[in-house]
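Colleague: One structure follows; several queries about it will come next.
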Amino acid sequence: MAIRAIRELGEECLRKKCKEVTFITPRTHLLVKDMFDTMYRANGVGLAAPQVGILKRIVVIDCGEEPYVLINPVILETSGEQTGFEGCLSVPGKSGVVTRPQYVKAKAMNLRGESYILEGEGLLARAICHECDHLEGKVYVDLVEGRLYDNEELEELEELEEES
Ligand code: ZN
């Protein structure tokens, strides 16, 4: 198990467009394994390769149902809308409101080099969009409606809401 350092907002690697993966090598397998280890350790539901400083089009996602590896992902179709809080392991301790599609259909390659279709709704749809944005050098803070909140501040606001 290897945990890689998660790069934080302000580092250049998070603002670069990532390169297509042309060959899946043992190094790709190792990177994906490390990305899962790193994501689970940080209690995240998704991680993109640039977040560990690798400018390749590789994403891992696990929203609690099944782990997904998306190599060279392309979003084919979206529908609906959801507005809710979103966070990012590269922006620790913060969240902000982002509107995303409710449903996403994407095409990607798995570690065996096979093309597959991934459909997601709700949190999975949000994660697919968020991680694919990373591959373009986009971070969710660019899309936030209003301002970024400290997670501690949000917890207090939620408590106030429950009391009233
Ligand atoms: Zn992120």
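Laboratory data are not the source of any read-out in this text; all were calculated from the coordinates shown. Since the model is a prediction, treat every value here as computed from it, not as a measurement. Here the Cβ is made from the backbone with ideal geometry for all residues, glycine too, and neighbour counts use every protein chain on show.
Colleague: For the condition more than 17 Å from Lys105 (Cα to Cα), of a type outside the set (A, V, I, L, M) and surrounded by 13 or more Cβ atoms within 10 Å (Cβ to Cβ), what is the one hit in Phe36, Phe23?
Modeller: Only one candidate passes the filter, namely Phe36.
Residue-by-condition table, conditions (1) within 14 Å of the ligand (Cβ to nearest atom); (2) assigned to a strand (DSSP E or B); (3) surrounded by 13 or more Cβ atoms within 10 Å (Cβ to Cβ):
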position: Ala5; (1), (2), (3): no, no, no
position: Cys13; (1), (2), (3): yes, no, yes
position: Leu47; (1), (2), (3): yes, yes, yes
position: Ile71; (1), (2), (3): no, yes, yes
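Colleague: Among the residues in region 29-40, are any over 15 Å from the mean Cα position of the chain (by Cα) and closer than 21 Å to Gly137 by Cβ?
Modeller: Scanning region 29-40 turns up at least one residue that is over 15 Å from the mean Cα position of the chain (by Cα) and closer than 21 Å to Gly137 by Cβ.
Colleague: Now for a different question. Determine whether region 110-118 contains at least one residue that is away from the ligand (no atom under 16 Å from the Cβ), assigned to a strand (DSSP E or B) and of a type in the set (Gly, Ala, Ser).
Modeller: yes
Colleague: Given the options Glu81, Glu77, name the one that is farther than 26 Å from Ser115 by Cβ and more than 16 Å from the ligand (Cβ to nearest atom).
Modeller: Selected residue: Glu81, the only one of Glu81, Glu77 that is farther than 26 Å from Ser115 by Cβ and more than 16 Å from the ligand (Cβ to nearest atom).
Colleague: Another question, if that's okay. Restricting attention to region 142-164, report how many residues are buried (at least 16 other Cβ atoms within 10 Å of the Cβ) and either farther than 26 Å from Leu14 by Cβ or among the β-branched types (Val, Ile, Thr) (or both).
Modeller: Here the count works out to 1.
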